[in-house]
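Colleague: Here it is, the structure, as structure tokens.
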Amino acid sequence: MANNSSKLKICMIVQDKNVKGGIAAVTSNYYGSRLEKDFDITYVESYCDGGKFTKLIKALRAYREFRKVLRTNRPDIVHVHSSFGPSFFRKYPIIQMAYNAGIPIVNHIHGSALDELYTNAPAWKKRMVEKSYGECSKLIVLSSEWKKKLSVIVPADKIEVVPNYSIIVPEMISEESLDKRFAKKQILYLGRFDELKGVVDIPAIASLIKKKFPDVTFVLGGTGETAPTEAEIKRLHLEDTVLLPGWIRGDEKVKLLKESAIFLLPSHMEAMPVSILEAMGYGLPIVSCEVGGIPQVVSKDVNGKLYKPKDVEGMADGIISYLSDKALYDEASRQSLKIADEGYSFESHINKIEKIYKSLS
């Protein structure tokens, strides 16, 4: 953006737009949005997909670029998008540089693995977290549950709740669309393949559903530790039922969201998954777990079904209940879109971000 002295200058620390994950999915819609019209935003990319060396080079370049921004185009606010794990350590030098320069810092925390980062961490790591978070003017978290958890590290009045958002596609609850999706019986998962996502439980869920609906299909879009899930698919002879197309984005993702009947996310731990909000914007009923911020967006027995993590039988029953009852399915679909539209629109998300910026000016 061109500089404009009448606008607050924001330096936003983001991931490469093509990163396979939730943070990039959130920030990608900031480009060209009202946020850029109302503020003078400079983006610094600090992370990309690839091997350790590639990621290290990206981070080192980001530090150099950020130092240049501080020197030549000093921002009024630094907005850092971070997570737990390695992301915390990558952002630590940037927070230090901004703090030493006397610039207010907004740390937008997207992760969910707080136990590893802080609760069960050694003393040196806890001190590092306390120092870094303490130097931030505001912490943004994705749910009220996470505000409560982080308030043991910093005062609650420094923590703002800004949920992730949904892009609303109202035509997905037309009679024609509902009929097509209900008839297709395609169940969709989008996300990483790792232990915390519970994706390895999906083949067992699929096996139970296939007994009642032989034509059901599961599409699991994502990358990561796919071997355990592939082994389960093979063990249960579900090669034709559970499909792994790899990471899904762009038109391919839109197509899957438009034609799938139900969104399944069997996570063991979450903050507020972008994938669920995306699915709700397309009017998909949700079958998921009662963890993190999920119960905040999925209203039990209204727009979805919620279970304890690893409750394979429960999640299978939830999907079967929707595939067996068209009226129940249609109502859950309409409620998903309604909840997303009323509480999690992009407009509402941007309003909250802008309010935080203005409070620090």
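The values are calculated or read from the model by the stated rules, or taken from the named source; none is laboratory data. Please read all numbers here as calculations on a predicted model, not as lab measurements. For neighbour counting, all protein chains shown are included, and Cβ atoms are generated from backbone atoms with ideal geometry for every residue, glycine included. Remember, those area values only see protein heavy atoms, side chains included, never the ligands or the DNA or RNA. Shrake-Rupley method; radii C 1.70, N 1.55, O 1.52, S 1.80 Å.
Colleague: With the requirement that a residue be under 21 Å from GLY224 (Cβ atoms) and of a type in the set (A, V, I, L, M), what does the stretch 27-58 give you?
Modeller: LEU56
Colleague: Now for a different question. Among the numbered conditions (1) assigned to a helix (DSSP H, G or I); (2) touching a helix residue (DSSP H, G or I) at 6+ places or on another chain (Cβ under 6 Å); (3) open to solvent by 50 Å² or more (accessible area, probe 1.4 Å), tell me where ALA25 comes up short.
Modeller: Answer for ALA25: the failing condition is (3).
Colleague: Just to be sure I understand, how many residues within the stretch 64-92 are over 19 Å from TYR47 (Cβ atoms) and either part of a strand (DSSP E or B) or touching an Asp or Glu at 6+ places or on another chain (Cβ under 6 Å) (or both)? Explain how you work it out, then say what you get.
Modeller: Filtering the stretch 64-92 for residues over 19 Å from TYR47 (Cβ atoms) gives 70-77.
With either part of a strand (DSSP E or B) or touching an Asp or Glu at 6+ places or on another chain (Cβ under 6 Å) (or both) added as a condition, the list becomes 77.
Final tally of qualifying residues: 1.
Colleague: Only one residue in VAL44, VAL106, VAL26 is over 21 Å from PRO163 (Cα atoms) and in contact (Cβ under 8 Å) with a residue 24 or more places away in the chain. Which one?
Modeller: VAL44
Colleague: Can you spot a residue in the stretch 46-60 that is among the polar types (S, T, N, Q), open to solvent by 60 Å² or more (accessible area, probe 1.4 Å) and either at pLDDT 95 or above or not in a helix (DSSP H, G or I) (or both)?
Modeller: Pass one, the stretch 46-60, residues among the polar types (S, T, N, Q): 46, 54.
Now drop any that are not open to solvent by 60 Å² or more (accessible area, probe 1.4 Å), which leaves 54.
Still in the list and also either at pLDDT 95 or above or not in a helix (DSSP H, G or I) (or both): 54.
So far as the stretch 46-60 goes, yes, one or more of its residues are among the polar types (S, T, N, Q), open to solvent by 60 Å² or more (accessible area, probe 1.4 Å) and either at pLDDT 95 or above or not in a helix (DSSP H, G or I) (or both).
Colleague: Follow-up. Taking interchain pairs and intrachain pairs at least six residues apart, which have beta carbon atoms under 7 angstrom, with the first residue in the stretch 235-249 and within 21 Å of LYS20 (Cα to Cα) and assigned to a loop (DSSP other than H, G, I, E, B) and the second at pLDDT below 95 and open to solvent by less than 70 Å² (accessible area, probe 1.4 Å)?
Modeller: Sorted first by the residue in the stretch 235-249, then by its partner, the pairs are TRP247/GLY222; TRP247/THR223.
Colleague: Kindly indicate the residue of the stretch 154-189 that is open to solvent by 30 Å² or more (accessible area, probe 1.4 Å) and β-branched (Val, Ile, Thr) and also farthest from SER132 (Cα to Cα) among those meeting that condition.
Modeller: Per the criteria, the residue is ILE173.
Colleague: A follow-up question, please. Inside the stretch 74-86, can you point out the residues that are open to solvent by 10 Å² or more (accessible area, probe 1.4 Å) and either under 11 Å from CYS136 (Cβ atoms) or of a type outside the set (Lys, Arg) (or both)?
Modeller: At the first step, the residues of the stretch 74-86 found to be open to solvent by 10 Å² or more (accessible area, probe 1.4 Å) are 74, 76, 83-86.
Within the stretch 74-86, ASP76, SER83, PHE84, GLY85, PRO86 meet the criteria.
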